[in-house]
Amino acid sequence: MNINRIVLIGNGFDLAHGLPTSYQDFIRDYWSSIGHKITEQGSRKTVLKDELLHIQYNEIWSYPYKEEDKIQSYKEFKDYIDSTLGADLESLSTFLSIINEAVDTYGWVDIENLYYTTLKDIIFGKRGHYSVEELNADLKSIKLKLQDYLTAVSNRCVHDRLPRIHNAIYSPLRVIDCSVNSEDV
(Lines give C-alpha, C1' and ligand atoms only; values in the text may rest on other atoms or scores of the structure.)
Protein backbone atom coordinates (compact mmCIF):
# COMPACT_ATOMS: atom_id res chain seq x y z
CA MET A 1 0.00 0.00 0.00
CA ASN A 2 1.38 3.38 -1.00
CA ILE A 3 0.60 6.23 1.39
CA ASN A 4 1.01 9.84 0.38
CA ARG A 5 1.85 12.47 2.93
CA ILE A 6 0.64 16.03 2.71
CA VAL A 7 2.60 18.54 4.72
CA LEU A 8 0.92 21.90 5.15
CA ILE A 9 3.26 24.70 6.05
CA GLY A 10 1.50 27.90 6.92
CA ASN A 11 2.04 31.24 8.50
CA GLY A 12 3.99 30.82 11.71
CA PHE A 13 5.82 27.63 10.71
CA ASP A 14 9.17 29.39 10.98
CA LEU A 15 8.37 30.93 14.37
CA ALA A 16 7.01 27.63 15.70
CA HIS A 17 10.43 26.13 14.98
CA GLY A 18 12.26 28.87 16.82
CA LEU A 19 13.55 30.78 13.81
CA PRO A 20 14.06 34.50 14.51
CA THR A 21 12.11 35.62 11.45
CA SER A 22 9.57 38.05 12.87
CA TYR A 23 9.68 41.72 11.92
CA GLN A 24 10.61 42.47 15.51
CA ASP A 25 13.62 40.12 15.24
CA PHE A 26 14.62 41.88 12.03
CA ILE A 27 14.39 45.37 13.55
CA ARG A 28 16.34 44.30 16.65
CA ASP A 29 19.05 42.80 14.47
CA TYR A 30 19.19 45.97 12.36
CA TRP A 31 19.96 48.16 15.39
CA SER A 32 22.41 45.65 16.79
CA SER A 33 24.25 45.49 13.46
CA ILE A 34 24.47 49.30 13.30
CA GLY A 35 26.14 49.30 16.71
CA HIS A 36 28.60 46.64 15.57
CA LYS A 37 29.44 48.62 12.40
CA ILE A 38 30.24 51.70 14.45
CA THR A 39 32.56 49.75 16.72
CA GLU A 40 34.29 48.13 13.72
CA GLN A 41 35.02 51.55 12.21
CA GLY A 42 37.10 52.49 15.24
CA SER A 43 37.93 55.83 16.80
CA ARG A 44 38.33 58.14 13.82
CA LYS A 45 35.82 60.90 13.14
CA THR A 46 33.45 59.19 10.78
CA VAL A 47 29.97 58.78 9.40
CA LEU A 48 27.79 55.72 9.20
CA LYS A 49 25.16 56.04 6.54
CA ASP A 50 22.81 53.69 4.75
CA GLU A 51 19.51 54.16 2.95
CA LEU A 52 17.65 54.52 6.25
CA LEU A 53 19.87 56.52 8.59
CA HIS A 54 22.81 58.86 8.93
CA ILE A 55 24.97 58.89 12.07
CA GLN A 56 28.03 61.04 12.64
CA TYR A 57 30.33 60.41 15.56
CA ASN A 58 33.64 61.81 16.70
CA GLU A 59 34.86 59.63 19.55
CA ILE A 60 35.60 56.01 20.28
CA TRP A 61 32.47 53.98 20.50
CA SER A 62 32.43 50.72 22.34
CA TYR A 63 29.42 48.62 21.43
CA PRO A 64 28.63 45.78 23.83
CA TYR A 65 29.36 42.44 22.22
CA LYS A 66 28.03 40.26 25.03
CA GLU A 67 24.65 38.83 24.12
CA GLU A 68 23.03 39.99 27.36
CA ASP A 69 24.12 43.59 26.63
CA LYS A 70 23.00 43.54 23.00
CA ILE A 71 20.82 46.46 22.00
CA GLN A 72 17.32 45.16 21.35
CA SER A 73 15.41 48.19 20.04
CA TYR A 74 15.67 51.63 18.51
CA LYS A 75 14.92 53.20 21.89
CA GLU A 76 17.87 51.37 23.44
CA PHE A 77 20.05 52.37 20.49
CA LYS A 78 18.98 56.02 20.73
CA ASP A 79 19.58 56.03 24.50
CA TYR A 80 22.99 54.51 23.83
CA ILE A 81 24.09 57.14 21.29
CA ASP A 82 22.59 59.97 23.37
CA SER A 83 24.75 58.87 26.30
CA THR A 84 27.86 58.67 24.09
CA LEU A 85 29.70 61.94 23.61
CA GLY A 86 30.28 62.95 20.03
CA ALA A 87 27.55 60.83 18.46
CA ASP A 88 24.69 62.37 16.56
CA LEU A 89 21.85 60.63 14.77
CA GLU A 90 21.43 63.17 12.00
CA SER A 91 18.55 61.56 10.15
CA LEU A 92 16.38 58.51 10.18
CA SER A 93 13.92 57.23 7.60
CA THR A 94 10.39 58.35 8.45
CA PHE A 95 8.94 54.90 7.84
CA LEU A 96 11.66 53.25 9.90
CA SER A 97 10.79 55.71 12.69
CA ILE A 98 7.16 54.62 12.48
CA ILE A 99 8.20 50.95 12.63
CA ASN A 100 10.50 51.61 15.59
CA GLU A 101 7.73 53.39 17.46
CA ALA A 102 5.42 50.40 16.97
CA VAL A 103 8.07 47.93 18.16
CA ASP A 104 8.93 50.06 21.20
CA THR A 105 5.27 50.69 22.05
CA TYR A 106 3.65 47.32 21.37
CA GLY A 107 6.60 44.90 21.42
CA TRP A 108 5.83 43.77 17.87
CA VAL A 109 5.14 45.23 14.45
CA ASP A 110 3.00 44.52 11.38
CA ILE A 111 4.91 46.32 8.63
CA GLU A 112 2.25 45.74 5.98
CA ASN A 113 -0.45 47.32 8.15
CA LEU A 114 1.84 50.22 9.11
CA TYR A 115 2.58 50.82 5.44
CA TYR A 116 -1.14 50.92 4.62
CA THR A 117 -1.90 53.23 7.56
CA THR A 118 1.00 55.53 6.69
CA LEU A 119 -0.09 55.61 3.03
CA LYS A 120 -3.61 56.66 4.09
CA ASP A 121 -2.13 59.30 6.42
CA ILE A 122 -0.09 60.73 3.54
CA ILE A 123 -3.09 60.80 1.21
CA PHE A 124 -5.23 62.56 3.82
CA GLY A 125 -2.47 65.07 4.66
CA LYS A 126 -1.63 63.76 8.14
CA ARG A 127 2.08 63.17 7.49
CA GLY A 128 3.33 66.68 6.70
CA HIS A 129 5.90 66.70 3.91
CA TYR A 130 6.34 62.92 3.78
CA SER A 131 5.36 61.77 0.28
CA VAL A 132 4.18 58.50 -1.21
CA GLU A 133 7.43 58.36 -3.20
CA GLU A 134 9.49 58.70 -0.01
CA LEU A 135 7.38 56.05 1.72
CA ASN A 136 7.86 53.65 -1.18
CA ALA A 137 11.61 54.32 -1.27
CA ASP A 138 11.81 53.65 2.49
CA LEU A 139 9.79 50.46 2.08
CA LYS A 140 12.05 49.30 -0.75
CA SER A 141 15.15 49.81 1.39
CA ILE A 142 13.56 48.01 4.33
CA LYS A 143 12.49 45.10 2.09
CA LEU A 144 16.06 44.69 0.79
CA LYS A 145 17.46 44.72 4.32
CA LEU A 146 14.77 42.22 5.40
CA GLN A 147 15.66 39.96 2.49
CA ASP A 148 19.36 40.06 3.49
CA TYR A 149 18.42 39.37 7.12
CA LEU A 150 16.20 36.38 6.27
CA THR A 151 18.91 34.96 4.00
CA ALA A 152 21.41 35.22 6.87
CA VAL A 153 18.95 33.57 9.28
CA SER A 154 18.34 30.79 6.78
CA ASN A 155 22.08 30.23 6.31
CA ARG A 156 22.63 30.10 10.09
CA CYS A 157 19.82 27.61 10.69
CA VAL A 158 20.83 25.07 8.04
CA HIS A 159 22.90 23.02 10.46
CA ASP A 160 20.81 23.68 13.54
CA ARG A 161 17.09 23.48 12.84
CA LEU A 162 16.63 22.23 9.29
CA PRO A 163 17.56 18.61 10.07
CA ARG A 164 14.98 18.59 12.88
CA ILE A 165 12.30 19.97 10.54
CA HIS A 166 13.33 17.50 7.80
CA ASN A 167 13.06 14.59 10.23
CA ALA A 168 9.61 15.71 11.37
CA ILE A 169 8.35 15.80 7.79
CA TYR A 170 9.96 12.55 6.59
CA SER A 171 9.65 10.41 9.72
CA PRO A 172 7.62 7.21 9.45
CA LEU A 173 3.87 7.68 9.54
CA ARG A 174 2.04 6.78 12.71
CA VAL A 175 -1.59 5.70 12.67
CA ILE A 176 -2.45 8.58 15.00
CA ASP A 177 -1.17 11.01 12.32
CA CYS A 178 -3.61 9.71 9.67
CA SER A 179 -7.16 10.61 8.80
CA VAL A 180 -9.59 9.59 6.08
CA ASN A 181 -12.27 12.03 5.01
CA SER A 182 -11.25 14.36 7.86
CA GLU A 183 -11.90 11.66 10.46
CA ASP A 184 -9.32 9.99 12.66
CA VAL A 185 -8.38 6.46 11.63
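Summary of values
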| item | result |
| --- | --- |
| N113-H54 pseudo-label distance in nm [points 7 Å out on the Cα-to-Cβ vector] | 3.3 |
| With every protein chain in place, the range 102-157: carbon and sulfur % of accessible area (1.4 Å) | 55 |
| Descending principal axes extents, the range 86-175, alpha-carbon based, whole Å | 60, 41, 25 |
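The values are calculated or read from the model by the stated rules, or taken from the named source; none is laboratory data. Only a predicted model underlies this, so the values are computations on that prediction, with no experimental measurement involved. FYI the Cβ positions are ideal-geometry reconstructions off the backbone, even for glycines, and counts take in every protein chain you see. What goes into the accessible areas is simple: the full protein's heavy atoms, side chains included, and nothing from ligands, DNA or RNA. Shrake-Rupley method; radii C 1.70, N 1.55, O 1.52, S 1.80 Å.
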